[in-house]
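Right, one structure below, let's go through it.
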Amino acid sequence: MILQVSNITKSFDGTDILTGCSFHIEENEKCAVVGANGTGKSTLLKIIAGVLSSDSGSISVKTGATVGYLAQQEAVNSDNTIWSELQSVKQHLLDEEEEIRRLELEMKHASGEALQNIMDRYTRLTHDFELHDGFAIKSGITGVLKGLGFSEEEFDKSIATLSGGQKTRVALAKLLLTHPDLIMLDEPTNHLDLSSIEWLEGFLQGYKGTVITVAHDRYFLDKFVTKVIDIENGKAMVYMGSYTAFSEKKRALRESRLKAYMNQQAEIQHQEQVIEKLRSFNREKSIKRAESREKMLDRIDRIEKPADPDDAMKLKITPSVISGRDVLHMENLSKAYPGNALFSDVTLDIRRGERVAVIGNNGTGKTTLLKILTGLEKADSGSFRTGTNVKIGYYDQEHQVLHQEKTLFEEISDAYPSMDNTRIRNTLAAFLFYGDDVFKPVSALSGGERGRLSLAMLMLSNANFLVLDEPTNHLDATSKEILEKALNEYEGTLLYVSHDRYFINQTATRILELEDHSFTGYIGNYDYYLEKKTSPASGSDPSEAVTESISESKLSWQEQKAAEAEKRRRENRVKRIEDEIALLEAQKKEIEERMSAPGTATDAEKLTSLSLEAAEKEARLNDLYEEWETLNE
């Protein structure tokens, strides 16, 4: 065991955050700390790291174990270059290497006991140097920097010139290179693009040490986590297995607890009714029996009611009108900034009902594309047009479309003046804004709260074409699941940018990857994209991944839709044939019965007429049976 957390409590301004939080972690375990926003996940990591003190309880770390901690938004501030800053992590090995080289020179001129002493020192240093991979310092630093998205051209950049996100990545690189026995990461994927996140997954999966991470990226957690610590109501519940396994177990456990709670409540209510009835008899024996039952009731260990799903936000997006089949057409669309070409000659179509996810590394132009399509920016060249009855609803990851000076109530009432006060309050309550919260200015909201407000505005828009930029940012796991469900039930069209692969997997029917200034399309979700991206094409160079060009994607989509339409047509025709066969069989049987009737046998004219009618029915039936067999084949 490397870590023991015992009965940790912590309060802020009289509000209990952690109340008797306990768990332990074994060596080399890979753990995720999860829970809704505000439950104390980051606080717990800070207490374990010694950055924050607890009100009570204890933290015990294995003797001699090294601990590394990276807080959210932690950044390196230095005048060093990126390379020299990371080299400083290995300074003790660089000093050893320098001394080893000095000892090698001294050996040439020493003899006797002095030589022996030098050789002994040299042996100890080289052993320690090799033990700590001293010969791999350069390759190790290069691997981590490239893995976290830095190009070799950037290695000599001054840290002072970097963005906040880049400085955070440098801080993460430094921590990974120190290789502590216990590494703690708070939202490490926040400033990473997809390729960097995938690299970090692999790094942590193979990490020879213990990992504890707080992250909202469920796909990321599923890749390497072996234990999940769920913080709820101030306490920790431990689940073994992946994040998905935890999610399923928690859902089943909650249902079991809710059933137990409901059963106990029913029993309590029953006992209270019995007690009331016994007392109403107003007899000494019945009163004593009532008192006995009351004592028994007082001794019951009351089950705490599980968190009610109704306490989560409620989101349902319903288009006010159905759009035409062609929702969006882009023709030779291009955009570049000075010294940075984003994309060029983009031509593609989006049809009604599609759910299209745009993916790619940071800075490739994904958000810019959405801003062009929503009129917030202009393309350098090319054009786009929306189809008939298309009504766009836009979700901005920076929430710049919200007015910082307005209150939540004003934000909705100004956008939808026909809504009365009660409906505005009910809408905000559905997104967990209650009481005086509705009069908070937008500027005072947290990232998660702004996300919920933007989703409320999106719901009210009744749009049939949603354009979303990183819609899961700042949302907790429960809110993400609610958004996923709402989008899967949504009857309109969806185009969004996201780094959340779990979310993409749940909602996308088509992937557009922006890479090398152009888009490549894949029909399917993220797992399908990954399979096609990493699998070599049959009979081709193994180094070449299977991809589909935009034209191929468009053709595949059209072929798929045509095939689906043909299948529906065939199924409808089969049903009509079966109905007609049943009717003709009944009519033929009726004719045969009339032909065999005593009065008909002596009426030649009538018999001839019925025989001809029966023959027509038979011929038609033969044709229908043949067509039915053909369609079913």
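Residue by residue, here is whether (1) surrounded by 14 or more Cβ atoms within 10 Å (Cβ to Cβ); (2) in contact with a helix residue (DSSP H, G or I) (Cβ under 7 Å, 6 or more places away or on another chain); (3) farther than 20 Å from H179 by Cα holds:
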site: E97; (1), (2), (3): yes, yes, no
site: L105; (1), (2), (3): no, no, yes
site: S111; (1), (2), (3): no, no, yes
site: A114; (1), (2), (3): no, no, yes
site: N117; (1), (2), (3): no, no, yes
site: Y122; (1), (2), (3): yes, yes, yes
site: E130; (1), (2), (3): no, no, no
site: I137; (1), (2), (3): yes, yes, no
site: I141; (1), (2), (3): yes, yes, no
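For region 207-214, the count of residues that are at pLDDT below 90, in the same structural domain as R169 (by TED's automatic domain parsing) and either assigned to a strand (DSSP E or B) or within 20 Å of the chain's Cα centre (by Cα) (or both) is zero.
The sole residue among K285, K223 that is at pLDDT below 85 and either among the basic types (K, R) or part of a helix (DSSP H, G or I) (or both) is K285.
Those helices (runs of 4 or more DSSP H) of region 3-117 in which at least 2 residues are without any contact (Cβ under 8 Å) to a residue 24 or more places away in the chain, considering only elements entirely within it, cover 91-107. In this structure, I322 does not satisfy being closer than 30 Å to I359 by Cα, surrounded by 11 or more Cβ atoms within 10 Å (Cβ to Cβ) and in contact with a strand residue (DSSP E or B) (Cβ under 8 Å, 6 or more places away or on another chain). When L621, L584, L607 are checked against the criterion of being surrounded by 13 or more Cβ atoms within 10 Å (Cβ to Cβ), hydrophobic (A, V, I, L, M, F, W, C) and at pLDDT 80 or above, a single residue qualifies: L584.
Being closer than 20 Å to E96 by Cβ, of a type in the set (A, V, I, L, M) and assigned to a helix (DSSP H, G or I) is not true of A173.
Table: residues versus (1) among the charged types (D, E, K, R); (2) within 11 Å of L315 (Cα to Cα); (3) modelled with pLDDT under 85.
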site	(1), (2), (3)
I412	no, no, no
Y416	no, no, no
A430	no, yes, yes
D436	yes, no, yes
S443	no, no, yes
G447	no, no, yes
R452	yes, yes, yes
M459	no, yes, yes
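Can you tell me how many residues within region 37-70 are closer than 16 Å to P188 by Cα and either hydroxyl-bearing (S, T, Y) or surrounded by fewer than 16 Cβ atoms within 10 Å (Cβ to Cβ) (or both)? Total satisfying the criteria: 3.
Rundown of residues vs (1) of a type outside the set (G, A, S); (2) in the same structural domain as S195 (by TED's automatic domain parsing); (3) outside any helix (DSSP H, G or I); (4) under 27 Å from G363 (Cβ atoms), yes/no style:
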residue: T472; (1), (2), (3), (4): yes, no, yes, yes
residue: L475; (1), (2), (3), (4): yes, no, yes, yes
residue: K480; (1), (2), (3), (4): yes, no, no, yes
residue: L483; (1), (2), (3), (4): yes, no, no, yes
residue: A486; (1), (2), (3), (4): no, no, no, no
residue: L495; (1), (2), (3), (4): yes, no, yes, yes
residue: H499; (1), (2), (3), (4): yes, no, yes, yes
residue: Y502; (1), (2), (3), (4): yes, no, no, yes
residue: Q506; (1), (2), (3), (4): yes, no, no, yes
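The set of residues in region 457-473 being free of Cβ contacts under 8 Å to residues at least 60 places away in the same chain and either surrounded by fewer than 20 Cβ atoms within 10 Å (Cβ to Cβ) or under 17 Å from S498 (Cα atoms) (or both) consists of L460 alone. For the residues F343, F246, the requirement of being aromatic (F, W, Y) and touching a Gly at 6+ places or on another chain (Cβ under 9 Å) singles out F343.
Criterion first (outside any loop (DSSP other than H, G, I, E, B), within 30 Å of G35 (Cβ to Cβ) and over 28 Å from the mean Cα position of the chain (by Cα)) does R425 satisfy it? Here the answer is yes, as R425 does meet what is asked.
Residue-by-condition table, conditions (1) more than 28 Å from V33 (Cβ to Cβ); (2) modelled with pLDDT of 85 or more; (3) of a type outside the set (A, V, I, L, M); (4) assigned by TED's automatic domain parsing to the domain that holds G64:
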position	(1), (2), (3), (4)
I100	yes, no, no, yes
V144	no, yes, no, yes
D156	yes, yes, yes, yes
L162	yes, no, no, yes
K174	no, yes, yes, yes
E187	no, yes, yes, yes
W199	no, yes, yes, yes
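Reported count of residues in region 1-22, each being surrounded by fewer than 19 Cβ atoms within 10 Å (Cβ to Cβ) and out of contact with any Leu (no Cβ under 7 Å at 6 or more places or on another chain), is 13.
Whether a residue is at pLDDT below 85 and more than 19 Å from H474 (Cβ to Cβ) was assessed, and N361 passes this test.
For region 173-207, a residue qualifies if it is in contact with a Ser or Thr (Cβ under 9 Å, 6 or more places away or on another chain) and small (G, A, S), and exactly one does: S196.
Out of all the residues in region 292-308, is one or more under 30 Å from L466 (Cα atoms) and exposed (fewer than 12 other Cβ atoms within 10 Å of the Cβ)? Yes; the residues of region 292-308 include at least one that is under 30 Å from L466 (Cα atoms) and exposed (fewer than 12 other Cβ atoms within 10 Å of the Cβ). Scanning region 164-178 for residues being out of contact with any His (no Cβ under 9 Å at 6 or more places or on another chain) and without any contact (Cβ under 8 Å) to a residue 60 or more places away in the chain gives a total of 1.
Can you find a residue that is small (G, A, S), more than 28 Å from P188 (Cα to Cα) and surrounded by 19 or more Cβ atoms within 10 Å (Cβ to Cβ) anywhere in region 389-406? Yes, some residue in region 389-406 is small (G, A, S), more than 28 Å from P188 (Cα to Cα) and surrounded by 19 or more Cβ atoms within 10 Å (Cβ to Cβ).
The values are calculated or read from the model by the stated rules, or taken from the named source; none is laboratory data. All values derive from a computational prediction rather than experimental measurement. FYI the Cβ positions are ideal-geometry reconstructions off the backbone, even for glycines, and counts take in every protein chain you see.
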